[in-house]
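Please read the structure below before turning to the comments.
The values are calculated or read from the model by the stated rules, or taken from the named source; none is laboratory data. Not measured: the values here are computed from a predicted model. Don't worry about glycine lacking a Cβ; one is built from the backbone with ideal geometry, like all the others, and counts go over all protein chains shown. Accessible surface areas use protein heavy atoms only, side chains included; no ligands, DNA or RNA. Shrake-Rupley method; radii C 1.70, N 1.55, O 1.52, S 1.80 Å.
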Amino acid sequence: MEKIKVLLADDHQIMLDGLKAILTRDRSVTVVGTANNGLEVLEFLKKEPVDVLLLDLQMPVMDGLETTMHVKKTYPEVKIIMLTTNDEGSIITSLFKVGATGYLLKNASKEYLMQGIKDAYEGKKVVSSHLTEKIIESLKEQPKTKEGNRPMITKREIEVLKLIAQEYTTQEIADQLFVSMNTVATHKRNLFVKMDVKNSVGMIKKAVDWGIV
């Protein structure tokens, strides 16, 4: 039987070392590499194939949500399991919307984690059982963000938002849309106000919740 190739991503080395020690005890899995942030994940995937990505949510440079979006766009065959301490329902549903296969908390047992990796590899959805209620509650709240209940976002603002989600810089967005950098900056400021967010990560998360990206 061919081993499941797993890539680990977490910004805490002690977490990476612990996960690697656990996974290498199982003969059906091989840890092909580790990464400390999303950019390192993308660089690794350029060089080596991966079956399952075990991904932390809160990382510097590029967090789990942004990383998931980029990985699924370029490497759709990679199964992504979030391994985190965050149990917020809206974040969980957002991650599944952009292509995550599983969502496990870091207090999961070794057995549960191993089974989750094997299930994800087979294409099954994986989620900690006690998070189900939070996901359901989050889905119930989503109608509040439908078109009639959210601020008006212009077609050009949506174009800017999608390019931000693809990690384009302000200069690159300006070049793509044939406008000035000041114009892009103005669109960004308007989006921050309209979407009631403080940074690009919050903007992308809300855009996913609203079905814009």
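Listed values, structure above:
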read-out	value
Hits in the stretch 1-20 (condition: assigned to a loop (DSSP other than H, G, I, E, B) and surrounded by 13 or more Cβ atoms within 10 Å (Cβ to Cβ))	3, 10, 11
Enumeration of residues in the stretch 102-126 that are of a type in the set (Lys, Arg) and not in a helix (DSSP H, G or I)	106, 124, 125
Condition check for residue 105: among the hydrophobic types (A, V, I, L, M, F, W, C) and surrounded by fewer than 19 Cβ atoms within 10 Å (Cβ to Cβ)	yes
Within the stretch 166-207, tally of residues that are open to solvent by 50 Å² or more (accessible area, probe 1.4 Å), in a helix (DSSP H, G or I) and of a type outside the set (Ser, Thr, Tyr)	13
Verdict on residue 160 being modelled with pLDDT of 60 or more and either outside any loop (DSSP other than H, G, I, E, B) or within 30 Å of residue 105 (Cα to Cα) (or both)	yes
Residue check, residue 74 among the β-branched types (Val, Ile, Thr) and without any contact (Cβ under 8 Å) to a residue 60 or more places away in the chain	yes
Residue 189, sole failed condition from (1) within 19 Å of residue 88 (Cβ to Cβ); (2) free of Cβ contacts under 8 Å to residues at least 12 places away in the same chain	(1)
Failed item, numbered, when residue 171 is tested on (1) over 22 Å from the mean Cα position of the chain (by Cα); (2) on the phi > 0 side of the Ramachandran plot	(2)
